[in-house]
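The values are calculated or read from the model by the stated rules, or taken from the named source; none is laboratory data. Only a predicted model underlies this, so the values are computations on that prediction, with no experimental measurement involved. As a convention, Cβ positions derive from the backbone with ideal geometry for all residues, glycine included, and neighbour counts pool all protein chains shown.
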Amino acid sequence: MTREFWKDWKRKTIIEKKAIKRIIKARGLIIKSIPKNKLIAIYIKGSFVRREMNKNSDIDIVPIVTEIKYEGRVFEVNSHNVYPCIVVPLSIEEFKKNKLMTQANHKPDLRAKPDRFLKKLKECGLIYGNGLNPKKFPIRSNEKALKDEIKLMGEGYIKLYRKKEIKFAPLLKQVFWLTETELEHKKKKVSHTWKGLDKAIKEKSHIMHLAYKYRLNKPKDKKRRDAFVKKLEKHLNKLEKIF
């Protein structure tokens, strides 16, 4: 069963219209890639669903398969023909263990644990299948999730950025997830958008405000990017004191 949650959207942008064409194409290829009974659902997450896409945005498509052995065939859908769609499958096996079982592109592994997807399932758009029930799978506490995000940012994203193994954009994007996890730990419910997080943070010096500014207008000056990273490190040190 295919679903198209964007049909009710009013005043679609040119970027969104182009994205929809690629999504439909990618969805068709995903459905054909493995036996029908092995594909449980297909979700979209991220800026497309939030209607915050810009010219540099990817479209994150997450097919859910029954077993990890089918992920490779689904992943092969990725090509210039469906770009900017990025197809990253997950399996029921991984949700049950809350552990990614495929090989990572980087060391340390920068990928989020499967339960982060489950926690934000309501913020994702279902485009195929009947969906998942998050209650059937293990999910970390907000405290554990925040500790993991702090470690991932400090020992993963920042180190790899300084080694020039990742670009500034992924680092900036991770600030979104770090801030959202911080607010969840504080039991604050806010809109799952860049604008919503920026508005929810009242502390003027918080890293989120600068991250949102740079998300709208990426800094070309390396000195400004490096200064941002130093400020981010100070923010991580402050967050660690919560525990």
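A few points about this structure:
- Residues of region 143-164 include at least one that is closer than 30 Å to F5 by Cα and not acidic (D, E).
- Selection from region 1-29 of residues that are assigned to a helix (DSSP H, G or I), farther than 17 Å from G131 by Cβ and not hydrophobic (A, V, I, L, M, F, W, C): K7, D8, E16, K17, K18, K21, R22, K25, G28
- The numbered conditions (1) outside any helix (DSSP H, G or I); (2) surrounded by fewer than 16 Cβ atoms within 10 Å (Cβ to Cβ) are all true for K32 except (1).
- Under the condition of being in contact (Cβ under 8 Å) with a residue 24 or more places away in the chain and in contact with a Ser or Thr (Cβ under 7 Å, 6 or more places away or on another chain), the residues counted in region 172-223 number 1.
- Scanning region 94-134 for residues being at pLDDT 95 or above and over 30 Å from H235 (Cα atoms) gives a total of 12.
- Only one of the numbered conditions (1) touching a Leu at 6+ places or on another chain (Cβ under 7 Å); (2) of a type in the set (D, E); (3) farther than 28 Å from R51 by Cβ is not met by E143, and that is (1).
- Taking helices (runs of 4 or more DSSP H) as the structural unit, those lying wholly within region 114-162 and holding at least 1 residues that are in the same structural domain as E184 (by TED's automatic domain parsing), under 23 Å from K241 (Cβ atoms) and over 14 Å from the mean Cα position of the chain (by Cα) correspond to 142-152, 158-162.
- Some residue of region 221-228 being more than 23 Å from S47 (Cα to Cα), at pLDDT 95 or above and not basic (K, R): yes
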